[in-house]
Amino acid sequence: MSFAAPVAYVYNPLEYARAPAEAYLRRYWRSGVEALWLGMNPGPFGMAQTGVPFGEVSLVRDWLGICEKVGTPDRQHPKRPIQGFACARSEVSGARLWGWARDRFATPDAFFARFFVWNYCPLVFMEKTGRNITPDKLSVAEREPLFAVCDEALRAIVAAMAPRLIIGVGGFAEKRARAALGDGAPRVETILHPSPASPTANRGWAAQAEKQLSAMGIALE
């Protein structure tokens, strides 16, 4: 696939950060989980650096126990270099999501016994300025073939994992899950995205997310 302006750089962490991505899958993938949490696409200081969805460096390394070698994309934006686990920038969305998982479940095994976290789209899109472009902001001509591939991948993941529920982390992921999977099983729900761009999430994301999880029948006690 090719992407026209304003997209100037495209990163695929499943290629250059394949080692930690595979370590995440090998260690934590389970079939028959209670829910698959589905994000949108990698953040520049999260999965883009670590290969792990919502992959805040410190939590991936120190809580998930993953710290594999990370390569670099063929073309890097000078303002968005891939430093892997040496990256000192925090991914706020990842810090909130994985920080909540750590505080609520204590151990990764306890969390992943019930849940798994993945992204709908594995690609990072950036403008010449280094500004992030989310997949929903691509042109229709670029979105349609990209979403077709991502839909197919999601269907394959769901078929292999057989989760009882899909939780879209944010409205975009919920909509794409519904489009890819239809109205049958598994059921699709959504929770508030932990992005710092969301004023609502900035007013205590964890407490609000827990209320939404409770409303959809997920017990946390």
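Scan segment 92-108 for residues that are outside any helix (DSSP H, G or I) and either touching a Leu at 6+ places or on another chain (Cβ under 9 Å) or at positive phi (or both) and the total you get is 1.
Return yes or no: is residue 103 within 21 Å of residue 211 (Cβ to Cβ), over 17 Å from the mean Cα position of the chain (by Cα) and either of a type in the set (Asp, Glu) or surrounded by fewer than 16 Cβ atoms within 10 Å (Cβ to Cβ) (or both)?
Against the criterion (within 21 Å of residue 211 (Cβ to Cβ), over 17 Å from the mean Cα position of the chain (by Cα) and either of a type in the set (Asp, Glu) or surrounded by fewer than 16 Cβ atoms within 10 Å (Cβ to Cβ) (or both)), residue 103 qualifies.
Among residues of segment 11-34 that are at pLDDT 95 or above, those with a Cβ under 6 angstrom from a residue that is polar (S, T, N, Q), sequence gap 6+ or separate chain, pair up as 16/72; 20/50. Regarding residue 141, is this residue part of a helix (DSSP H, G or I), more than 26 Å from residue 74 (Cβ to Cβ) and among the small types (Gly, Ala, Ser)? So residue 141 does not fit the description; no.
In segment 153-173, the condition of being assigned to a helix (DSSP H, G or I), without any contact (Cβ under 8 Å) to a residue 40 or more places away in the chain, in contact with a Lys or Arg (Cβ under 9 Å, 6 or more places away or on another chain) and surrounded by 13 or more Cβ atoms within 10 Å (Cβ to Cβ) is met by no residue.
The residues of segment 39-88 that are under 27 Å from residue 199 (Cβ atoms), touching a residue at least 60 places away in the same chain (Cβ under 8 Å) and of a type outside the set (A, V, I, L, M, F, W, C), listed by number, are 39, 41, 42, 43, 44, 53, 80.
Among the conditions (1) closer than 19 Å to residue 194 by Cβ; (2) surrounded by fewer than 19 Cβ atoms within 10 Å (Cβ to Cβ), residue 91 misses just one, which is (2).
Among the residues making up segment 38-83, those that are surrounded by fewer than 22 Cβ atoms within 10 Å (Cβ to Cβ), within 30 Å of residue 151 (Cβ to Cβ) and in contact with a helix residue (DSSP H, G or I) (Cβ under 7 Å, 6 or more places away or on another chain) are 68, 71, 72, 73, 82.
Restricting 74, 62, 103 to residues that are out of contact with any Cys (no Cβ under 9 Å at 6 or more places or on another chain) and modelled with pLDDT under 95 narrows the list to 74. What about residue 147, is it in a helix (DSSP H, G or I) and either closer than 22 Å to residue 95 by Cα or among the polar types (S, T, N, Q) (or both)? In short, no. Applying the selection to segment 197-215, what residues are surrounded by fewer than 14 Cβ atoms within 10 Å (Cβ to Cβ) and either closer than 18 Å to residue 104 by Cα or not aliphatic (A, V, I, L, M) (or both)? Answer for segment 197-215, where residues must be surrounded by fewer than 14 Cβ atoms within 10 Å (Cβ to Cβ) and either closer than 18 Å to residue 104 by Cα or not aliphatic (A, V, I, L, M) (or both): 199, 200, 202, 203, 204, 207, 211, 214, 215.
The values are calculated or read from the model by the stated rules, or taken from the named source; none is laboratory data. Since we're looking at a predicted model, the values are computed, not measured. Backbone-built Cβ (ideal geometry, glycine too); neighbour counts: all protein chains shown.
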